Each structure stands twice: as C-alpha cells, then as structure tokens.
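Peer 1: This structure is in structure tokens; I'll ask about it shortly.
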Amino acid sequence: MSTRIIISKSLDWMKFKLNTFPKPDYQPIPWLGIAHAQRSDGVQSRWKIIEQIVEELGVRTAIDIGCNSGYFPIALAMKGITSIGVESDSKYYDTMSYVVRHLKLKNVGILQWEIGVENCELLPTADCIIFLAVWHHIVKFKGIEAASNMLSKLWNKTGKILFFETGELEMPTSYMLPRMEPTPQKFLEVYLMKQCADAKIKHLGLHDAFAPDGQKVMRNLFAVIRK
C-alpha cells in the first residue's frame, strides 16, 4: 500500500471521528459500533415501520432527500435495495461516504447536493422516496408555494411510496409554516392528498423529534402510497 493511500485513509478516519464525537448529532451508525446518537430512538422507530412497508411493497430502489449520515439509505442497501442519499452538509456527506466505503457497499451512493424545487426534477425515479424533516426548511427559505411544487415533483418521481414528515407546531414563526388546523395530522393528511395526485395517505404514528430550542416533541410520519 502506497504512502499516499495510507495517509488518505488515516485522514478519512480522523475526519470520521471528529464528525461523530462525542456522538452523532442525529443518526446512529450501528454498522461501525456507534449505536447511540442524539436522536437514536426516533430514527429506530421510523426505520422499524419503514422497513416493514418497503418489504410489503417489494421496493427495489430508494432515494433519501436530506439523508444526514445515511442511516436509512445504508439500512435499505443492507436489505438489497439500491439506494441514493442526497445531503448538502459536507459533515454528513463525509460521514456517510466513509461508512459506505468501510462497508464496501456497491448498491448505495450519496450525492452532495442542495435539492430544491429548481433542480429536483433531475433526480432519477425510484420506488421509494424518503422526505423527512426537509419540507419545513423549504417553506422557510423558498415559501409554501415552492415547497408544495417540490413535493408534487418528488411525488412524480415516486413509483410506489413516499415517506413524509415535517416540523409542526413546535417550529417558530420564522419558518412561516401554515396554520396546521384542526390538528397537524388532519392538516397534513389533506395537504398530502392535494399535492400528491392519486395517492392513498397512511398515518404511521408519532415519533420522537426535537424542536429548534432542543425540547423533545413528537411528529407525525406519513406514507404516501401510489394507488
């Protein structure tokens, strides 16, 4: 092994350790012995139900928009589902890239890309699209019309199922979210039905999340299923 490769691998390992010290911000990395992260419980509860549904629907391809450290696309790849993670933050991109290389997985990749309404149509189609905790950021920076347009475009890329979750009543007014009345669950069910033509909306329960101020909250998870 050349000196260049040895140094490169050492630098990758050091960067991975820095990015996950003292523990990851969001997602655990159990394949490399990091079983705990700040949001482990919520990640694992979501995965439990996502795993069950993708098996039932025979999902073979998946895209995770805003994939963080790559827990979902890597977990899907470990089940034989070809997956792509899309992440704009270099810290999380580097972390997922390191894990994929370490595991020598050939059926999962990552794009360092800030996805928005203006470029999401460049994504490939997939049986499954995971769109968790991203929509409220699009509303904040681009407005509700752009966020709705992006959701509809992602739905057009979806062959079988889209998993959706967003910030709800815990988000500050600076996010400019619509009033979620009479309840966030009811509002989002109607909203998803409107934006995703010919879909069946299934509520997948409440899951742990955190408000911007660090307070623990619960958020609704939905499956948008192609009829």
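The values are calculated or read from the model by the stated rules, or taken from the named source; none is laboratory data. These numbers were taken from a predicted model, which means no experiment stands behind them. When we count neighbours, we look across all protein chains shown, and the Cβ atoms used for this are built from the backbone with ideal geometry, even at glycine.
Peer 1: Step by step: first the residues of region 27-51, then only those that are free of Cβ contacts under 8 Å to residues at least 60 places away in the same chain and either aliphatic (A, V, I, L, M) or in a loop (DSSP other than H, G, I, E, B) (or both), then the one that is surrounded by the most Cβ atoms within 10 Å (Cβ to Cβ). Which residue is that? Even if it seems obvious, please write down each step before you answer.
Peer 2: Going residue by residue through region 27-51, those that are free of Cβ contacts under 8 Å to residues at least 60 places away in the same chain are 27-28, 30, 33-37, 40, 43-44, 47-48, 51.
From what is left, the residues that are either aliphatic (A, V, I, L, M) or in a loop (DSSP other than H, G, I, E, B) (or both) are 27-28, 33-37, 43.
Details: Gln27: 27, Pro28: 22, Gly33: 7, Ile34: 18, Ala35: 11, His36: 13, Ala37: 22, Val43: 23.
Of everything passing the filter in region 27-51, Gln27 is surrounded by the most Cβ atoms within 10 Å (Cβ to Cβ).
Peer 1: Right, next: So which residues in region 14-26 are touching a residue at least 24 places away in the same chain (Cβ under 8 Å) and part of a helix (DSSP H, G or I), if there are any at all?
Peer 2: Lys15, Phe16, Asn19, listed by residue number.
Peer 1: Further, regarding this structure: Here is a list: Ala126, Ala133. Which entry is at positive phi and in contact (Cβ under 8 Å) with a residue 40 or more places away in the chain? Step through it out loud before you land on a result.
Peer 2: Values: Ala126 fails: at positive phi.
Every option except Ala133 fails the conditions.
Peer 1: So, in region 87-137, of the ones that are of a type in the set (Val, Ile, Thr) and over 17 Å from Lys15 (Cβ atoms), which residue ends up surrounded by the fewest Cβ atoms within 10 Å (Cβ to Cβ)?
Peer 2: Step one: list which residues in region 87-137 are of a type in the set (Val, Ile, Thr), which gives 95, 99-100, 108, 110, 115, 117, 125, 129-130, 134.
Retained after the next criterion (residues that are over 17 Å from Lys15 (Cβ atoms)): 108, 115, 117, 125, 129-130, 134.
Details: Val108: 23, Ile115: 21, Val117: 19, Thr125: 11, Ile129: 26, Ile130: 26, Val134: 23.
Going through the qualifying residues, I end up with Thr125.
Peer 1: Looking only at strands (runs of 3 or more DSSP E) that fall completely inside region 144-227, which ones have 1 or more residues that are at pLDDT 95 or above, buried (at least 18 other Cβ atoms within 10 Å of the Cβ) and small (Gly, Ala, Ser)?
Peer 2: Numbers: elements: 158-165, 199-210, 216-226.
Where strands (runs of 3 or more DSSP E) fall fully within region 144-227 and carry at least 1 residues being at pLDDT 95 or above, buried (at least 18 other Cβ atoms within 10 Å of the Cβ) and small (Gly, Ala, Ser), they are 199-210, 216-226.
Peer 1: If you don't mind, there's one more thing I want to ask. Of all the residues that make up region 185-212, how many are under 21 Å from the mean Cα position of the chain (by Cα) and more than 15 Å from Ile144 (Cβ to Cβ)? Give the steps one after another, and end with the answer.
Peer 2: Let us first name the residues in region 185-212 that are under 21 Å from the mean Cα position of the chain (by Cα), namely 185, 188-189, 191-193, 195-196, 199-212.
Cutting the leftovers down to more than 15 Å from Ile144 (Cβ to Cβ) gives us 185, 189, 193, 196, 199-212.
Of the residues in region 185-212, 18 are under 21 Å from the mean Cα position of the chain (by Cα) and more than 15 Å from Ile144 (Cβ to Cβ).
Peer 1: Among the listed residues Val134, Val86, Val117, which satisfies the condition of being in contact with a helix residue (DSSP H, G or I) (Cβ under 8 Å, 6 or more places away or on another chain) and among the β-branched types (Val, Ile, Thr)? First the steps, then the outcome.
Peer 2: Details: Val134 fails: in contact with a helix residue (DSSP H, G or I) (Cβ under 8 Å, 6 or more places away or on another chain); Val86 fails: in contact with a helix residue (DSSP H, G or I) (Cβ under 8 Å, 6 or more places away or on another chain).
Criteria check complete, one pass: Val117.
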